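What follows is a set of notes on a single structure, which appears directly below.
The values are calculated or read from the model by the stated rules, or taken from the named source; none is laboratory data. Everything numeric in this text was worked out from a predicted model, so none of it was measured. We place every Cβ from the backbone using ideal geometry, glycine too, and count neighbours over all the protein chains shown.
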């Protein structure tokens, strides 16, 4: 079975916790922290998880000064990164299909 780059980075960067959710971003599946509600890609291709909806700046996203944020992985550059902000419901994979 081939493990995706996303899964490897996400699973190597931290341990799995109770309540973590399986998500799909850029065609890849990985585990996201249980507190993550928003996912965004920066201009350099980096995907981040946010607890609170992040703010956009000239080359990416930043936390709302409240809540947690965590780097997930780096994908290919995306010229349309500004439209890559996604809520949990848009990326969550139901447990039955994991």
* Within the bounds of the range 66-81, is there any residue that is modelled with pLDDT of 90 or more and part of a helix (DSSP H, G or I)? -> yes
* Structure fact -> Per the filter on the range 53-81, residues surrounded by 15 or more Cβ atoms within 10 Å (Cβ to Cβ) and in contact with a strand residue (DSSP E or B) (Cβ under 7 Å, 6 or more places away or on another chain) are 54, 61, 63, 67, 69, 70, 72, 73, 74, 75, 78, 81
* **Number of positions in the range 13-48 that are at pLDDT below 90, surrounded by fewer than 16 Cβ atoms within 10 Å (Cβ to Cβ) and more than 23 Å from residue 78 (Cβ to Cβ)** => 6
